[in-house]
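The values are calculated or read from the model by the stated rules, or taken from the named source; none is laboratory data. For clarity, every value in this text was computed on a predicted model and none was experimentally measured. Here the Cβ is made from the backbone with ideal geometry for all residues, glycine too, and neighbour counts use every protein chain on show. Each accessible area value is taken on the protein alone, full model and side chains, heavy atoms only, with ligands, DNA and RNA left out. Shrake-Rupley method; radii C 1.70, N 1.55, O 1.52, S 1.80 Å.
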Amino acid sequence: MVKRIVLAGFLAVSCANAGMFDSVAGAVMGGGSSSAASVSESDIKGVISSFQDAEKALSSSIELINKALGDKQAIAKLEEEKKTILAMPDGAEKDAKMKELEKSAEAEAAKILKSKEAANKAAKLSSEQKQKIAVAGYNILLAALKDKDALAKAKNLVSSVSANPTMAVKFAGDLPKLKDIVATAPSQIESLATISSGFMSLAKTAKISVTQPASSNEPFKPVDNI
């Protein structure tokens with residue numbers, strides 16, 4: 001609880017990113033609107049799809065930043081682990097391993113973005129390379145907004161579906177996915193707040209111009225190799 005209060009306080013005073021970070025902090029603190037009276041399949045599919053799209057965009061953006069600014073040996077280790085996991089047969093074990101790898105990559109990115117070495121490296125990048133880093137940063141900021149939005153909606157949907165036996169049966173296959181969003185999104189949003197703060201600080205130091213997303217409705221931008 002103390003960690004969440006400290007995080008929310010830190011984000012509230014971040015001048016460059018106050019609007020986006022206040023929204024992130026609100027999600028971490030458990031905000032959300034009341035449950036809807038009825039639920040449609042498109043409501044549920046939309047939330048699940050949005051969350052999954054955010055995970056994919058986040059993964060590729062984190063990977064680009066790590067490759068561009070991180071320690072070569074550490075990043076090579078992550079890449080080898082990814083190859084091993086991708087070679088596994090599809091199933092729950094593979095999915096769990098991939099999620100663990102993504103968390104490791106995010107932790108590596110958070111460490112990289114706080115380092116002076118990464119800031120110095122970023123400052124020496126070409127204009128084209130800096131633009132690619134900026135796109136990755138934009139996607140990370142947007143993923144935080146989309147996760148916050150998905151969390152609030154998933155909470156409402158879980159409440160509505162669980163309270164209605166007919167809907168509980170109708171959406172039995174999707175309810176676990178919604179519950180997974182409710183369970184995992186808060187820590188993901190908190191992690192993204194840390195990464196976003198580090199990225200904006202690095203971008204300022206390295207003179208990388210970053211366009212921040214105005215809302216969660218904006219689309220992700222394609223990430224090119226650097």
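Mind checking which residues of the range 194-208 are closer than 10 Å to L141 by Cβ and either in contact with a Lys or Arg (Cβ under 6 Å, 6 or more places away or on another chain) or open to solvent by less than 10 Å² (accessible area, probe 1.4 Å) (or both)?
I195, S196, F199, listed by residue number.
Residues being under 18 Å from S60 (Cα atoms) and among the hydroxyl-bearing types (S, T, Y): count how many of those fall in the range 195-210.
Adding up the residues that qualify gives 1.
Among the residues of the range 15-33, is there at least one that is in contact with an Asp or Glu (Cβ under 6 Å, 6 or more places away or on another chain), modelled with pLDDT of 90 or more and open to solvent by less than 40 Å² (accessible area, probe 1.4 Å)?
Looking only at the range 15-33, we keep the residues that are in contact with an Asp or Glu (Cβ under 6 Å, 6 or more places away or on another chain), and these are 28.
Of the ones still in play, those that are also modelled with pLDDT of 90 or more are none.
No, every residue in the range 15-33 fails to be in contact with an Asp or Glu (Cβ under 6 Å, 6 or more places away or on another chain), modelled with pLDDT of 90 or more and open to solvent by less than 40 Å² (accessible area, probe 1.4 Å).
Can you tell me which residue within the range 150-177, out of those that are in a loop (DSSP other than H, G, I, E, B) and more than 12 Å from I48 (Cβ to Cβ), is modelled with the lowest pLDDT? Before the answer, list the steps.
Let us first name the residues in the range 150-177 that are in a loop (DSSP other than H, G, I, E, B), namely 164, 171-174.
Then keep just the ones that are more than 12 Å from I48 (Cβ to Cβ); that gives 164, 172.
Working: N164: 91, A172: 94.
Once the filter is applied, the top-ranked residue is N164.
Take I208 and decide whether it is aliphatic (A, V, I, L, M) and touching a Leu at 6+ places or on another chain (Cβ under 7 Å).
Judged against the criteria, I208 is not a match.
When you check K97 against the structure, is it assigned to a helix (DSSP H, G or I), basic (K, R) and either open to solvent by less than 30 Å² (accessible area, probe 1.4 Å) or closer than 21 Å to I195 by Cα (or both), yes or no?
no
Report yes if S61 is under 16 Å from the mean Cα position of the chain (by Cα), crowded, with 21+ Cβ neighbours inside 10 Å and either without any contact (Cβ under 8 Å) to a residue 40 or more places away in the chain or closer than 15 Å to I208 by Cβ (or both), otherwise no.
In short, yes.
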